Amino acid sequence: MGVARTLLLLVAALSSAPALHAQTGFLGIAGVVKNAGGTGQNGIRIQIRNTATNRTETTTTPSTTGAATGFFFVALSDFSGNRAAAEGDTLAISAFNGTAQISASPASYVVTSGDISSSLVRKDITIDTAVTSDNTPPSVTLALSASDANNVAAGNLTITANFNEDIASTSTVKLEVTDPTGAKTQASTVTRVGARQYTGVYTVVGTNTGLYSIGVSGAKDAANNENTAATNNTFRVGSTTANAPVLAIAKVTGSGQVTVPILLTTAGRSIGAFSFKVNYSPAQGSFVKAAAGSAAVAAGYSAASNESTKGQVNITVFGVSDSAIGAGESVQFTFQTTAGLTNGTVINLAGSALDMSDTSAVNIDGETIESGSITVGASAGGRTGQACFDVNNNGSFSASSDLQFLINRILEVNDSRGNFLTCPNTGDQTCFDVNNNGSFSASSDLQFLINRILEVNDSRGNFLTCPTPAGKN
């Protein structure tokens, strides 16, 4: 806060016209602007305005290179028969920094009859002008001469820095470019185009492909605040797809609880932590869990997941080691398909929002994620036909008849004439409950035997639940 101690010098009116109120044709106001510590604050513009006559005068205290006095003098005058000030007039006093008012509001003083005299009147008046300090640094945005910042060609690249406020002409503005190897180079020919714009030239080497960053420094405003960093400060030499890692959600077949591998192709990059989303239709099933895949586990990484919005799963792969995740299975995504979906129904698993860093926590650009799917149906390792019922090939898809065929075949049960026995419903394991699960259900035992004989299982090593073939019962 600044305090203006003003000394009002009032001189009698020189007008010959009769006056109802005391008035003057000349008003001189002198004073000093001090900061909170009592030191004179230089470089402040003081404006005095008579609100009754709309007369305004402005002066400037000494510059910051002058004596630290903060002294100012403002004169209002009118010798044309009117007045510069009169009893009852309000004088508004404002402080400015450059062209912007920095007072909270104009201070004011009302002229009294005692201020108007035929002789010089001196008054020592303290007015709080509420001068505030400027602690806000300039911000900057960058523009490039290249049409595509993600595919900059070799040659000279012009970098333009645009600031949100005037930059002092005494500033030494630097534009520093860091290449993909970490080497730093100052842009040449940095030029002040205007108070708010600077340009520089950087020579791009086409063989040095990858992500570059630009640092801007040294730009100071009138209050000596230095600029903040630009947010749009990167560009890439070469295509964004060059040496780009790929995360691919697999396409599998299955029903019930299905685990879908999510595979990573590193493209030779040192892959560290990454995150992404898997989107699906809630009408077709539900998310169960996500776990780190074999490649991630081998590198000491784990996986975390959440589903804040139904149908959108957020997955993060993270680790505490400096080792890179190798190519292969990075995540196991487990999904429960909705019961009753027709065989052949495709459940799309759409990947999105992939954000990947290397082992030094530097962001990787150009990475892509490929969507996957689950096709509803039994996966029998390529086997068809007798993998599901009618294993005795008698034209019937009856669970009971096929079950007894398999029991008899395994146990070589037959009568004295060499015929397979017809087995009654008893607790003997030669008749039903051959999987010893406490159930004498023909269907469950049948599928157990079918799977055991044909070694049918899914990718997790679990026996499949085999659907009834279309049109059969």
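The values are calculated or read from the model by the stated rules, or taken from the named source; none is laboratory data. These numbers were taken from a predicted model, which means no experiment stands behind them. A quick note on method: Cβ atoms are made from the backbone with ideal geometry, for glycine too, and the neighbour counts reach across all protein chains shown.
Points to keep in mind about this one:
- The listed residues are T199, T191, and the only one of them that is without any contact (Cβ under 8 Å) to a residue 12 or more places away in the chain, part of a strand (DSSP E or B), not hydrophobic (A, V, I, L, M, F, W, C) and not assigned by TED's automatic domain parsing to the domain that holds D355 turns out to be T191.
- A267 at positive phi and either in the same structural domain as Q284 (by TED's automatic domain parsing) or basic (K, R) (or both): yes
- Taken over the range 101-150, the criterion of being in a loop (DSSP other than H, G, I, E, B), modelled with pLDDT under 80, over 27 Å from T24 (Cα atoms) and not charged (D, E, K, R) is satisfied by I102, S103, A104, A130, V131, T132, S133, N150.
- Pairs linking a residue in the range 205-232 that is on the phi > 0 side of the Ramachandran plot to a residue that is among the polar types (S, T, N, Q) and exposed (fewer than 15 other Cβ atoms within 10 Å of the Cβ), with Cβ atoms under 6 Å and 6 or more positions apart or on different chains, are G218/T172.
- Residue check, A230 more than 24 Å from A295 (Cβ to Cβ) and in contact with a Ser or Thr (Cβ under 8 Å, 6 or more places away or on another chain): yes
- For the range 277-295, the criterion of being surrounded by fewer than 19 Cβ atoms within 10 Å (Cβ to Cβ), polar (S, T, N, Q) and under 17 Å from D358 (Cα atoms) is met by none of the residues.
- Condition met for V313 (in contact (Cβ under 8 Å) with a residue 12 or more places away in the chain and in the same structural domain as A267 (by TED's automatic domain parsing)): yes
- Meets criteria (in the same structural domain as K277 (by TED's automatic domain parsing), at pLDDT below 90, surrounded by fewer than 18 Cβ atoms within 10 Å (Cβ to Cβ) and within 26 Å of A283 (Cα to Cα)) for G344: yes
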